[in-house]
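Worksheet: one structure, shown below.
The values are calculated or read from the model by the stated rules, or taken from the named source; none is laboratory data. Everything numeric in this text was worked out from a predicted model, so none of it was measured. Cβ atoms come from the backbone with ideal geometry, glycine included; neighbour counts cover every protein chain shown. These area figures cover heavy atoms from the full protein model, side chains too; ligands, DNA and RNA do not enter into them. Shrake-Rupley method; radii C 1.70, N 1.55, O 1.52, S 1.80 Å.
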Amino acid sequence: MKFLKVLLLFFVVQTQAQQGGMWIPSLLEGMNETEMKNLGMKMSASDIYDVNKSSLKDAVPHFNGGCTSEVISPKGLLLTNHHCGYSQIQAHSSVENDYLTNGFWAMKMEDELPNKDLDVTFIVKIEDVTKQILNGVEALTSEVEKQKKIQQNIADLNKSFPKESFQEIKIRTFFEGNQYMLFVTETFLDVRLVGAPPSSIGKFGSDTDNWVWPRHTGDFSLFRIYADKNNRPAAYSKDNVPYTPKHFLPVSLDGVAEDDFTLVFGYPGRTTEYLPAVAVEQIVNETNPAKIEIRDRALKVTDGFMRKDQAIKIQYASKYAGIANYYKKWIGETQGLKKSNAVQVKKDQEKAFQQKVVKAGKQAEYGNLLADFDKNYAEILPYTLSRDYFMEVVLRNTELLGLGFKLYQLEQVQSTRGDQAFTDRKNNLRDGLGDFYKNFNVQVDEKVFEQLIDLYLNKSPQQFIPSNLKNTNIAQLTASVYGTSKMTTYEGVKELLTGDTQTVLKNLNNDKGYQLVKTLADAFLKDVNPKFESINTELSALQRTYMKAQLELNKDSRIFPDANSTLRVTYGVVKGYEPRDAVVYTPVTYLDGVMEKYIPGDYEFDVSEKLIDLYNKKDYGPYAENGKIPVNFIGTNHTTGGNSGSPAIDAHGNLVGLNFDRVWEGTMSDIYYDPAICRNIMVDMRYVLFIIDKYAGAKHLVDEMKLVHPKKNKQSSKKQKVKKNKNKN
Ligand code: ARG
Ligand code: GLU
């Protein structure tokens, strides 16, 4: 009987733990601690987050506002993904010193490379400030007035909340405006590049393997935080010293096994887990397919050029990777949402919700929510689509149009803020365009334009297409824009921007490329965006009420707030999965798998001689497990973009892995988390150590770290216990 109870409890815990969630670190104690311990965690909530003593959070800074990183030595050594440090590695690379291709290792601190525009931000403390921010809001009736009051309260608290001179205050909303949290942060500005493996390790498998399991990528790079003599944030100076952290993560040499507890700590960017069915339906059937089609065409054109021309390949490598990343993600997401019947699941949940509303006697407050969602989503759809086309075609994927839009904004500055503002902005823009043209190839862009403008004019909602662009001959339009526009060269655009205000405006408005952008942008800003914004404000208010209702009517279940780029804890266990009938994925990959994928000379699957040599000699140092080097592993941690570079931490608080991706079948977890197939992908820390030590010969970096054997210790203490018990008997 007791056994049954324990089994039952285990089952409940197991299923609950599989529900996903990105939790607020300061609220773990009441919310999650018990469950975490049931899953195997040996720490307490205060080991993870505490304001009075050092805790794990003190080792986990936000990396340049987009990725996560962790401190792994008492001298401020910082670990993140290769793809997170990619642009820094690229910035230091040249044909002679190609760190992207060959890797980079600073053999002493003086060789570490400073970076412009790179910072890391630590969280000092988190406080719930909902009361202060919502003070006086309830009394107001219009949504616009409410938002104004909230902004005012945020600004006031920002000013009055006590902090040190070297700290900042950030206030963020949770649960769509139902909760507000204040963060005291410290941002370090001197962060130097310490090491990076070659792309054949750090980006092994590239776009083919991206978002896919089984995976074999050593997606890591190393940086170091520098501080002033008082260990405080400071701009770069050669006199700065390595930062002494409040906490750094010990690195485990024991790795993980299936079902081991893991915790991923980081800054997930954005999820939308509480959308109504109608919204998910639009993503699956309308917006994702449109965006995928646009990027598919752009990528095909660019790829064709990149494969034929090495210079173009370098120019477009980074842009291509960025566009390809979300293109591929949207495909996986759409497939996953369909396969898991997410829309129907949501509809069923909504039925249950409606019944709960009735049962609680809350029809007046919540009874119309779902109908209002339906109505507003139906109304907003053409505006959303039109906006997506504008964003993807004009702003994101056709470079000439994107630049044209910047010039369009320049003209707007003139009409709203006058000549001086115009001139300042113009000079600024002109000086910054060198970087743009360095990576711009007009042949590539012309072909991309021809493909994408066709989609824009013929497939986006027709009621918003300006009349003079209806029935356009695409080939003629392309030839006329790319044959005459001055924007196709740096010289040309400098010419456009030369002279007094009136001359510049006249030249711009005579340019065929500019004219096209202006026509498109005028229509978008007049006919599409205002209406989109107003319905969207309405939808945000509905979403806030819907969230409030769910929190109120589901008091017994735990609900986590959507990701919002703030520090979160997600936890789970190491686990394989079954992607489809009769296929079983195990949770760990090994260096043997790298060799299986090896294609000599291939741009995605080449392996360097040095690594092959280490593999053949089995020269693995202390980093192997049963004679093999583990490379990647997966777990049930609920992660998203922004969790790149997040530490995967074991039951005791040691670093076992480095998060960098999710599996193909589970990419829909930003919208609908299915515990059966959603998995995050991590680099095994022993692969990281092996590459640093054995591959790069940078053992001095490993020596800085604190290496631990939590499992061996446990085993030896278990043995002792067994012995003791034996003695008793
Ligand atoms: N999919 C991972 C993440 O979203 C890795 C992206 C970097 N790799 C690439 N091939 N683009 O962002
Ligand atoms: N690669 C993603 C990033 O850059 C993390 C993976 C994910 O989206 O889950 O943040």
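So here's what we get for this one:
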read-out: Computed P(r) (all Cα pairs; the chain; 20 Å bins; percent); value: 15, 46, 34, 4, 0
read-out: Span-rule helices in the chain, defined as complete DSSP H runs reaching 18 Å or more along the axis (Cα) with Kyte mean at least 0.5; value: 2-17
read-out: Length-normalised contact order for segment 331-435 - Cα pairs under 8 Å, 6+ apart - percent; value: 9 percent
read-out: Relative contact order computed over the chain (Cα-Cα under 8 Å; 6+ residues apart), in percent; value: 23 percent
read-out: Pairs of lysines in segment 130-223 (C-alpha under 22 Å apart; 8 or more residues apart or interchain); value: 13
read-out: Segment 502-637, accessible area per residue, ligands and nucleic acids excluded (1.4 Å, Å²); value: 45 Å²
read-out: E138-N38 FRET efficiency (beta carbon distance; Förster radius 51 Å; 0.05 resolution); value: 0.85
read-out: Sorted peptide list for 399-407, 648-656, criterion being average Cβ within 10 angstrom, highest first; value: 648-656, 399-407
read-out: Alpha-carbon centroids, segment 429-462 and segment 35-49: separation in whole Å; value: 51 Å
read-out: FRET efficiency for N231 and K339, using Cβ-Cβ distance with R0 set to 60 Å, rounded to 0.05; value: 0.70
read-out: Percent carbon-and-sulfur accessible area, the chain, ignoring ligands, DNA and RNA, probe 1.4 Å; value: 51 percent
read-out: Heavy-atom surface of segment 344-457, accessible at 1.4 Å and reported per residue (Å²); value: 49 Å²
read-out: Extension reserve of the Q355-E96 stretch, reckoned as 0.36 nm per residue once the Cα distance is removed; value: 86.4 nm
read-out: Set of lysines with alpha-carbon distance to K531 below 18 Å, sequence-local pairs under 8 removed; value: K375
read-out: Partnerless cysteines, meaning none of the other Cys C-beta atoms lie under 4.7 Å away, in the chain; value: C678
read-out: Partners for K512 among lysines (Cα-Cα distance below 24 Å; same-chain residues under 8 apart left out); value: K406, K426, K438, K447, K459, K470, K486, K494, K526
read-out: Inter-probe distance in nm under a simple model that places probes 7 Å from Cα toward Cβ, at D419 and E164; value: 5.0 nm
read-out: Cα→Cβ-extended label distance, 7 Å offset, between E145 and A321, nm; value: 5.1 nm
read-out: FRET E, pair Q412, N626, Förster distance 51 Å, beta-carbon r, rounded to 0.05; value: 0.20
read-out: Theoretical ellipticity at 222 nm over the chain - DSSP helices of four or more residues, -39500 (n - 2.57) apiece, nearest 500; value: -14500 deg cm²/dmol
read-out: Within straight-line cross-link reach of K57, aspartates and glutamates at Cα separation under 18 Å, skipping those fewer than 8 residues along the same chain; value: E29, E33, D47, E70, D119, E127, D128, E168, E186, D650
read-out: Protection proxy ranking of 191-200, 101-110, 139-148 - average other beta-carbon atoms within 10 Å, highest first; value: 191-200, 101-110, 139-148
